[in-house]
Amino acid sequence: MTLSSRARGLFLDIAPLRRDRDYRLLWSGQVVSGIGNQVTRLALPFQVWVLTHSTLAIAALTAVQLVPILVFVIGAGSVVDSVDRRRLLFITQLGLAACSLAFLGLSLAPAPPLLAIFAIAFVAATLGTFDQPARASSIPRLVPAERLPAAIALNQLNYQAASVIGPAVGGVLIAVAGLPVAYGVDVLSFGASLLAIWRIAPLPPLGGAVRPGLAAIREGFRFALDRRVILATFVIDLDAMIFGMPTSLFPVLALEVFRVGPAGLGLLAAAPAIGAFLGALLSGWVSVVRRVGRAVVVAVVIWGLAITAFGLSTFFFPLALVFLAVAGAADVLSAVLRSTVVQLATPDALRGRVTSLHILAVTSGPRIGDIEAAAVAAVVGAQASVVSGGILCLLGVAAVVRLFPELGAHVVEDPGTVDRAAGTEGPA
């Protein structure tokens, strides 16, 4: 193998975009609507702050958006497994577009009621609890097993790019044209997603639909508990996020530890996202990894080491940013690898429910981590909180490896021979 071919192997594999039409459509629509979504995610707390000048109001907005995820996401998974996922995606995207249109309407009012903003945010978050598992569990139906890791990495690249571009675009739009235009751009961006979903083939349940309800939810829980390698991916991610996530301490670190001011705070927030974007861009090698469980462990260890090193680098701010970027890259690679394990180990009939559990873990972990980091910092200081969190993360990885030997031993077979009973068939 030549040096140039090895270098090409490092870059993200775009084969799913070239070879899988329906995946290409879904991904392309999400490129546009994802940026629009990030614009609204920036505009909404900005609008609440302008109206109230209260950080408590912003905290309340966050709580309003979190509650539907915690309450509805598990039940949403049983719905995803019982209906045509393409149709469900079309309905949720249409509903989310209507929510953004409602935000636009409220932004035109001179004094929009805060309660109305919160109500629409609650509805949008509820729709998102159905949209996310439907979208994620559709991917293995759109690409064959050998291209699933690349497809998941492309989704991560899509999300990370939108997370960088969307807020930048949103900030300019709000500053130059105002909130109504920012919300209007989001509304228009849904056109690309709706058109893409309309053009892909139907995705009905395979092998008969399940009836949504408690029995279906219990079945999803039992499957995740019985497949210990899936459970292990949830636990190791919670370990990384609860102990290693220092986001809530960035303001304190920027102003009192590094003493770099608001501009430095922006760099602290951007560094993990930039690292994640580069990690996704250089993830071409994940498609050939067979010992995926061991790779997950290595990625989380790198995350923990990078967070610890970040906490110890208060003497040189640029070095601290490098370690944050490394942590971001490790996190996105862990996400790709964990998603690969979950999707390939779950039959299609259960993917919606298991994916919902995955989303619950991924969503709740960082928020619990913010609370943990802030609480520890209140006792021992921000720097010690970061360092101790990184060390606890590494100790947690050791505990996970010991309690779940199935993770380290997990091997993905040659994708060409993956058992079709796992429900990983690609397009016809």
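The values are calculated or read from the model by the stated rules, or taken from the named source; none is laboratory data. Model, not experiment: these values are computed from the prediction. Note that each Cβ is placed from the backbone with ideal geometry, even for glycine, and that neighbours are counted across all protein chains shown. Just so you know, the surface numbers come from the protein's heavy atoms only, side chains and all, with ligands and any DNA or RNA stripped out. Shrake-Rupley method; radii C 1.70, N 1.55, O 1.52, S 1.80 Å.
Compute the Rg/Rh shape ratio of the range 227-312: radius of gyration over Kirkwood radius, all on alpha-carbon atoms.
Details: Rg = 15.5 Å, Rh = 14.8 Å.
That ratio equals 1.05.
Quick one: Debye curve from the alpha-carbon atoms of the range 122-240 only, equal weights, vacuum; give me log10 I(q)/I(0) at q = 0.10, 0.12, 0.13, 0.14 Å⁻¹ to two decimals.
Each listed q maps to, in turn, -0.50, -0.71, -0.82, -0.94.
For q values of 0.19 Å⁻¹, compute log₁₀ I(q)/I(0) with the Debye formula on a Cα-only model of the range 77-192, without solvent.
-1.14
Quick one: with all protein chains in place, what share of the accessible area of the chain is carbon or sulfur, to the nearest percent (1.4 Å probe)? Can you show the working numbers first?
Details: 13250 of 18560 Å².
After summing per-atom areas, the C and S share lands at 71 percent.
Give the value in nm², to one decimal: projected area of the alpha carbon convex hull of the chain, averaged over all directions. Write down the numbers at each step before the final one.
Details: hull surface 83.5 nm².
Its average projected convex-hull area is 20.9 nm².
List, in order, the whole-Hz ³J(HN,Hα) value for each residue of the range 365-377 obtained from phi through the Karplus relation with A = 6.51, B = -1.76, C = 1.60 and θ = phi - 60°; use x for Gly and Pro.
Using θ = phi - 60°, the values come out as x, x, 5, 5, x, 4, 5, 4, 5, 5, 5, 5, 4 Hz.
State the dimensionless ratio Rg/Rh of the range 111-155 (Rg: radius of gyration of Cα atoms; Rh: Kirkwood radius).
Values: Rg = 16.7 Å, Rh = 12.8 Å.
So for the range 111-155, dividing Rg by the Kirkwood Rh gives 1.30.
Report the label-to-label distance for Ile14 and Ala98 in nanometres (one decimal), using points 7 Å from each Cα along the Cα→Cβ vector.
Result: 3.7 nm between the two label points.
Could you state the accessible area per residue of the range 177-308 in Å², with a 1.4 Å probe and every protein chain left in place?
Per residue, the range 177-308 has 45 Å² of solvent-accessible surface.
Keeping every protein chain present and rolling a 1.4 Å probe, give me the accessible area per residue for the range 362-410 in Å².
Values: 2340 Å² over 49 residues.
Heavy-atom accessible area per residue stands at 48 Å².
Would you calculate the convex hull of the Cα atoms in the range 249-298 and tell me its volume per residue in Å³?
On the way: hull volume 4.2 nm³, N = 50.
Cα-based convex hull of the range 249-298, divided per residue, equals 85 Å³.
Could you give the spread of the C-alpha atoms of the range 256-413 along their three principal axes, from largest to smallest, in whole angstroms?
51, 32, 26
Want the number for Glu256 to Ala375: 0.36 nm per residue separation, take away the alpha-carbon distance, what's left? Please list the in-between numbers first.
Working: separation 119, 0.36 × 119 = 42.84 nm, distance 1.71 nm.
Result: 41.1 nm gained on full extension.
At 0.36 nm per residue, minus the direct Cα-Cα distance, what do Thr247 and Phe316 gain on full extension? Give it in nm, one decimal, please.
Values: separation 69, 0.36 × 69 = 24.84 nm, distance 1.88 nm.
So the extension gain works out to 23.0 nm.
Would you tally the net charge around Leu249, using a Cβ to Cβ cut-off of less than 12 Å, leaving Leu249 out, and scoring K and R as +1, D and E as -1? Before the final figure, lay out each step's value.
Details: positive: none; negative: Glu256, Asp370, Glu372.
Taking every Cβ under 12 Å from that of Leu249, the sum is -3.
Given 0.36 nm per residue, what is the gain on full extension from Leu282 to Leu395 after removing their alpha carbon distance, in nm?
Working: separation 113, 0.36 × 113 = 40.68 nm, distance 2.80 nm.
Gain on extension, Leu282 to Leu395, equals 37.9 nm.
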